[in-house]
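These notes concern the structure reproduced below.
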Amino acid sequence: MPELPEVETVRRDLAALLPGRTVTRVEVPDPRAVQGFGPDGRARRRETPAAFAAALFGRTAREVLRRGKYLGVRWDDGSALLVHLRMTGQLIFGPPRPNARALIFFSDGSCLNFCDTRRFGELWRAANWSADPSVRALGPEPLGDGWDVAAWGRSLRRCGARVQSALLDQRRLAGLGNIYVTEALFLSGVRPTRRARTLRSADIPVLAANIQKVLNQGIAHRGVSFRDYRDARGERGRAREKLEVYGKAGRPCPRCETPLRGVKVNGRGTVYCPQCQK
DNA sequence: AATTGTACCTGTCAGC
DNA sequence: TGCTGACAGGTACAAT
């Protein structure tokens, strides 16, 4: 669910709420929330709710950070709480929620709820936010100063995967998910099924500009709430109204009226206009 | 090495 | 109504 714009919206909300607050209690009704269970059904992190709670107890929040789709709360001792919302995760500041997988209470009685219907999301701690292996593996930030578009374009044009998959690869560029990739490819006139190595060099700046455009638009409207996404106040985003093609297979292309085509690309559903996208 | 498929989990919706 | 299967915004790992 949450891609860069949704995670950034949550980050901005929490940045106005958490800094200065001190943890007094942590509840983890679903231990999997801190253990990171994977496809084999086994825990990837050796962690218990008690150890997790003990590590957070007494910490004061200093800063709320984002890298790609990862969120971090940096504490007064330099350590960090890392969060990945995966498909249905929510971080909602407010009264304790009965369905929360984890709850962090602060000294003023306020609470941060981690809710997550599909239970793919996870919380973990790191001695240092930027040293965490998952964060370190990420490619550049598409909205950051450090994005070398030319180098990114060269790596894309050497990639044998389909463009849809290549853009979803977080090691190449951080933060894109299925919705924003689908939208950026439509705006760029590129079919998601094409091999990335068939892109022309002239396509690269166009793609880069459209990626930034759809991400900025997503942030401006506080994210796409297709179903589960909520901001840190529990409110829906309005960016869904701005989508041109995602979720609209069979409906007319907004540019040429040709019916939009829905396909699967490496297991992910996407949509394109057979007339406008080559 | 790089690319693709599968699994993790729950809820919803279409079709019968 | 109730069942079944397909599908959903992401990622890690296994298989090829």
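The values are calculated or read from the model by the stated rules, or taken from the named source; none is laboratory data. Bear in mind the structure is a predicted one, so any value in this text is a computation, not a measurement. Reconstructed Cβ throughout: ideal geometry from the backbone, glycine too, with neighbour counts over all protein chains shown.
For the stretch A:212-230, residues that are assigned to a loop (DSSP other than H, G, I, E, B) and under 12 Å from the mean Cα position of the chain (by Cα) total 3. Pairs meeting the criteria (first residue in the stretch A:101-130 and free of Cβ contacts under 8 Å to residues at least 24 places away in the same chain, second residue more than 16 Å from DNA strand B (Cβ to nearest atom) and among the polar types (S, T, N, Q), beta carbons under 9 Å, at least 6 apart or on different chains) are A:109/A:24. Scanning the stretch A:81-95 for residues that are over 22 Å from residue A:237 (Cα atoms) and either touching a Pro at 6+ places or on another chain (Cβ under 6 Å) or more than 13 Å from DNA strand C (Cβ to nearest atom) (or both) gives a single hit, A:81.
Provide a single number: the residues in the stretch A:195-242 that are of a type in the set (Lys, Arg) and buried (at least 19 other Cβ atoms within 10 Å of the Cβ). Going through the stretch A:195-242 one residue at a time, the tally reaches 2.
Taking the condition aliphatic (A, V, I, L, M), farther than 21 Å from residue A:216 by Cα, over 20 Å from the mean Cα position of the chain (by Cα) and surrounded by fewer than 21 Cβ atoms within 10 Å (Cβ to Cβ), does residue A:51 pass? Judged against the criteria, residue A:51 is a match.
Residues checked against (1) over 19 Å from residue A:216 (Cα atoms); (2) within 12 Å of DNA strand B (Cβ to nearest atom):
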{"site": "A:164", "(1), (2)": "yes, yes"}
{"site": "A:167", "(1), (2)": "no, yes"}
{"site": "A:185", "(1), (2)": "no, no"}
{"site": "A:192", "(1), (2)": "yes, yes"}
{"site": "A:197", "(1), (2)": "yes, yes"}
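Does residue A:271 satisfy being at pLDDT 95 or above, within 16 Å of DNA strand C (Cβ to nearest atom), crowded, with 18+ Cβ neighbours inside 10 Å and not in a strand (DSSP E or B)? Spelling it out, it is not the case that residue A:271 is at pLDDT 95 or above, within 16 Å of DNA strand C (Cβ to nearest atom), crowded, with 18+ Cβ neighbours inside 10 Å and not in a strand (DSSP E or B). Here residue A:13 passes the criteria (1) among the acidic types (Asp, Glu); (2) away from DNA strand C (no atom under 14 Å from the Cβ); (3) at pLDDT below 95 except the one numbered (3).
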